[in-house]
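Before any comments, here is the structure.
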Amino acid sequence: MAQLKKNDTVKVISGKEKGRQGKILKLFPEKQSALVERLNFMKRHTRAGGKTSQQGGIIEKEAPISLAKLILVCPKCSKPSRTGNRILDDGTKVRVCKKCGEQIDN
C-alpha cells in the first residue's frame, strides 16, 4: 500500500473530503486506514457520566479514513505525488518524491 507515516501531510483524492489536506495523527495498518487532522469528522452521541461528572451531548471527532483515498504531499515541491525508494551510500532506505526526485525522509 502507500508508504505513509505519522506526521506526513496528505491530500484526500476521493470521497466527501476530496481535495482537502491534513496531517496524519495515527495509522491503523491492520485496517489500512489513518486518522487525519481536521478531516472526516463524525458525530458521537454520548450519555452524561454519573460519578465521573462527564457532560453528555454530541461530540465531533475525526474518524479513520482509508489509505487508498490518501496521497502524500511532497514537503519540497508541495505537490501530491507517489513515492519511490532509494538506498543511500550508507545503506539507509529513504522515500523519494516521484515528481521532483527529492528525498522525503531526513
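The values are calculated or read from the model by the stated rules, or taken from the named source; none is laboratory data. Small disclaimer: the values here were computed from a predicted structure and weren't measured. Cβ placement follows ideal geometry from the backbone for every residue including glycine, while neighbour counts extend to all protein chains displayed.
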Checklist entry - Quick check: anything in the range 61-71 outside the structural domain of V96 (by TED's automatic domain parsing), out of contact with any Cys (no Cβ under 6 Å at 6 or more places or on another chain), polar (S, T, N, Q) and at positive phi? => result no
Next on the checklist: Which numbered condition in (1) hydroxyl-bearing (S, T, Y); (2) buried (at least 17 other Cβ atoms within 10 Å of the Cβ); (3) without any contact (Cβ under 8 Å) to a residue 60 or more places away in the chain is the only one that S78 fails?
Outcome noted: (2)
Next on the checklist: Restricting to the range 14-35, name every residue that is under 13 Å from L4 (Cβ atoms) and either among the basic types (K, R) or touching a Gly at 6+ places or on another chain (Cβ under 7 Å) (or both).
Outcome noted: K23, K26
Item to check | Residues within the range 46-75 that are surrounded by 10 or more Cβ atoms within 10 Å (Cβ to Cβ) and closer than 24 Å to K16 by Cα, tallied | outcome: 15
Checklist entry - What single numbered condition from (1) in contact (Cβ under 8 Å) with a residue 40 or more places away in the chain; (2) out of contact with any helix residue (DSSP H, G or I) (no Cβ under 7 Å at 6 or more places or on another chain) fails to hold for K31? => result (1)
